[in-house]
Amino acid sequence: MELEKPAGRAEVEAAFKKNRELSDQDLSSLDLSGIKLLGFNGERLDLSQADLSGAMIAGGNLEDANLTQAILIGATIAGLNMENANFTGADLTDSRWYGVNVEGADFSETTTTGAKSTAVSWSSAKVAPKDLPESLVNVPVWVPGIVFGLVALLVVLLLSRRFKRSR
């Protein structure tokens, strides 16, 4: 995809629909809030100072990407390779991280207030965030079913007791 410096979000989305190749592109300082970037290659992508608030970024490659001072407030980051990415000064407030490779990444001076993660090895980062995101609790799929079943059983038992007493 031959994408010099796009004028804005609409141009980025149109180009992305045609070709999911974003390697070596300059998307710095753009307002990309709420964008969905799914299944793409973005090696060496420049997202410095870009607003990615509320974005869904998943199933892609952002190896060696520049996210210096990027705004990722409330963003969902899932299943990404972010090896050696630079997040210096980025705002990760309230973001969610699921299964992300951050090996060699630099999180110097990032803001992580309210951020949560699971299956992210922060210790493999070149510089881990000063305040690590909280761990998301992995609830097994069967737990809600067991809880619902126990509540239903309790209701049946209580109703059967009332029914026997009223006889």
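What follows draws every value from the coordinates through simple rules; no lab data is involved. Just so you know, these numbers come straight off a predicted model, no measurement behind them. Reconstructed Cβ throughout: ideal geometry from the backbone, glycine too, with neighbour counts over all protein chains shown.
Annotations
- Candidate values (1) 116; (2) 166; (3) 140, label of the one derived for volume of the Cα convex hull per residue in Å³: (3)
- Seen from D51, the other residues with C-beta closer than 13 Å to its C-beta sum to a net charge of -1, counting Lys and Arg as +1 and Asp and Glu as -1.
- A simple count of charges around Q69, restricted to other residues whose Cβ falls under 11 Å of its Cβ and scoring Lys, Arg +1 and Asp, Glu -1, yields -3.
- Partner lysines whose Cα lies under 24 Å from the Cα of K130, excluding those fewer than 8 positions away in the same chain, are identified as K116.
- Local charge for N86 was computed over the other residues whose Cβ lies under 12 Å away, with Lys and Arg +1 and Asp and Glu -1, and equals -4.
- Point-charge dipole on Cβ atoms (K/R +1, D/E -1) for the chain, about Cα centre, debye to 20: 2040 debye
- Placing unit charges on each Cβ (+1 for Lys and Arg, -1 for Asp and Glu) gives the range 8-114 a dipole about its Cα centre, and among L22, S108, A90 the Cα reaching farthest toward its positive end belongs to L22.
- Tilt relative to the chain, helix 142-165 - C-alpha long axis, 0 to 90 degrees, to 10: 20 degrees
- Axis of helix 9-18 versus longest Cα principal axis of the chain: the two differ by about 80°, to the nearest ten degrees.
- MRE, 222 nm, helices only [DSSP H, n ≥ 4, -39500 (n - 2.57), over the chain, to nearest 500]: -7000 deg cm²/dmol
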